């Protein structure tokens, strides 16, 4: 069996989970759920040597130290050091350009939580089989709520192990999201993809030729430094940033999806982190020293000072060194707009 190559996209601005997450050490490199960091957990679920080849990690210079420190125990791991951030289409193009054309890539964000790792590996196997047949495959995450912060995938005709994609849908309003959930044929787009490296590059060249050309030149003129590969910065600078969703997945006529009920969360807010962690019978989740009285749905994360909370509902309280955040769960989506989060 041809092994799947995990392509782990590793970066982030560190604003959505401020103050715990910061620009210097964003979400992927923090142990937010359990003892492993999000990045280490991503590498771990792709660690079965019978199914997966060593990972290829794409990151920037700002996070290279964290990547190499946390991936050091993974045999054969290699790193592409992006000269600058150019969104996911370019990052994936660099990885594809470094792999044999027939290699099946599994693109994995490094900062997502997946509770059911056996289900993830089963979905990866199904996606790899479709990818080997020339499909560009998205994981269709089982939708469990009318979320407005995610894109959606509508499944079409059945395929062996999955479905054609009928259409990709941008983040909907709440009423539309509720319709999608009731319909039953819509899944969340979790940003996990599988395709052959050469097939992806062909599609990129067809739909975004300038991006494909600049990425190819950047790889061709790049340099190796041990387990690191440095793409040519001048060629890479010409790229117009675009997501893989827009550049390829929404353009190709060979898009497929595999259903994935894997306990997925992008941990995109303090509310999402609360929901992904263990809680008591009142829905409260605590890490560190805290006492809660008459509270429901309260999340407390403190790295030192004792936090006492009385009579609150759906609130997050986070203490990190010299910074304290108090927000309603509804307001948590706006954390990145705070001056402290922007300045880090």
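Only one of these is surrounded by fewer than 16 Cβ atoms within 10 Å (Cβ to Cβ) and either in contact with a strand residue (DSSP E or B) (Cβ under 7 Å, 6 or more places away or on another chain) or more than 26 Å from residue 114 (Cβ to Cβ) (or both): 245, 303, 280. Name it.
Numbers: 245 fails: surrounded by fewer than 16 Cβ atoms within 10 Å (Cβ to Cβ); 280 fails: either in contact with a strand residue (DSSP E or B) (Cβ under 7 Å, 6 or more places away or on another chain) or more than 26 Å from residue 114 (Cβ to Cβ) (or both).
Testing whether each residue is surrounded by fewer than 16 Cβ atoms within 10 Å (Cβ to Cβ) and either in contact with a strand residue (DSSP E or B) (Cβ under 7 Å, 6 or more places away or on another chain) or more than 26 Å from residue 114 (Cβ to Cβ) (or both) leaves just 303.
Residues 289, 321, 274: which one is without any contact (Cβ under 8 Å) to a residue 60 or more places away in the chain and farther than 24 Å from residue 148 by Cα? Full working, then the answer.
Working: 321 fails: without any contact (Cβ under 8 Å) to a residue 60 or more places away in the chain; 274 fails: farther than 24 Å from residue 148 by Cα.
The conditions single out 289.
Pairs, please: C-beta under 8 Å, at least 6 apart or cross-chain, first residue touching a residue at least 24 places away in the same chain (Cβ under 8 Å) and assigned by TED's automatic domain parsing to the domain that holds residue 148 and in region 169-182, second part of a helix (DSSP H, G or I) and surrounded by 14 or more Cβ atoms within 10 Å (Cβ to Cβ)?
These pairs meet every condition: 172/180.
Using the structure shown, decide if residue 261 is under 30 Å from residue 128 (Cβ atoms) and either surrounded by fewer than 18 Cβ atoms within 10 Å (Cβ to Cβ) or more than 21 Å from the chain's Cα centre (by Cα) (or both). Don't jump to the end; show me each part of the working.
Numbers: under 30 Å from residue 128 (Cβ atoms): yes; either surrounded by fewer than 18 Cβ atoms within 10 Å (Cβ to Cβ) or more than 21 Å from the chain's Cα centre (by Cα) (or both): yes.
Considered against the rule, which asks whether it is under 30 Å from residue 128 (Cβ atoms) and either surrounded by fewer than 18 Cβ atoms within 10 Å (Cβ to Cβ) or more than 21 Å from the chain's Cα centre (by Cα) (or both), residue 261 comes out as yes.
Starting from region 214-234, keep only residues that are in contact (Cβ under 8 Å) with a residue 12 or more places away in the chain, then list their pairs with residues that are assigned to a loop (DSSP other than H, G, I, E, B) and loosely packed, with under 12 Cβ neighbours inside 10 Å whose Cβ atoms are within a distance under 9 Å, requiring at least 6 positions of separation or different chains.
Pairs that qualify, where the first residue is in contact (Cβ under 8 Å) with a residue 12 or more places away in the chain and the partner is assigned to a loop (DSSP other than H, G, I, E, B) and loosely packed, with under 12 Cβ neighbours inside 10 Å, are 227/76.
Please specify each residue of region 58-108 satisfying the condition of being touching a helix residue (DSSP H, G or I) at 6+ places or on another chain (Cβ under 6 Å) and assigned to a loop (DSSP other than H, G, I, E, B).
Those that are touching a helix residue (DSSP H, G or I) at 6+ places or on another chain (Cβ under 6 Å) and assigned to a loop (DSSP other than H, G, I, E, B): 74, 77, 83, 99, 101, 103.
Out of 149, 44, which single residue is in the same structural domain as residue 188 (by TED's automatic domain parsing), surrounded by fewer than 16 Cβ atoms within 10 Å (Cβ to Cβ) and either assigned to a helix (DSSP H, G or I) or modelled with pLDDT of 95 or more (or both)? Don't jump to the end; show me each part of the working.
Working: 149 fails: either assigned to a helix (DSSP H, G or I) or modelled with pLDDT of 95 or more (or both).
When all the criteria are applied, what remains is 44.
Rundown of residues vs (1) in contact with a helix residue (DSSP H, G or I) (Cβ under 8 Å, 6 or more places away or on another chain); (2) crowded, with 21+ Cβ neighbours inside 10 Å; (3) at pLDDT below 95, yes/no style:
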| site | (1), (2), (3) |
| --- | --- |
| 128 | no, yes, no |
| 133 | no, no, no |
| 142 | no, no, no |
| 156 | no, no, no |
| 171 | no, no, yes |
| 182 | no, no, no |
| 186 | yes, yes, no |
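The values are calculated or read from the model by the stated rules, or taken from the named source; none is laboratory data. Not measured: the values here are computed from a predicted model. Methodologically, a virtual Cβ is constructed for each residue, glycine included, from the backbone with ideal geometry; neighbour enumeration extends over all protein chains shown.
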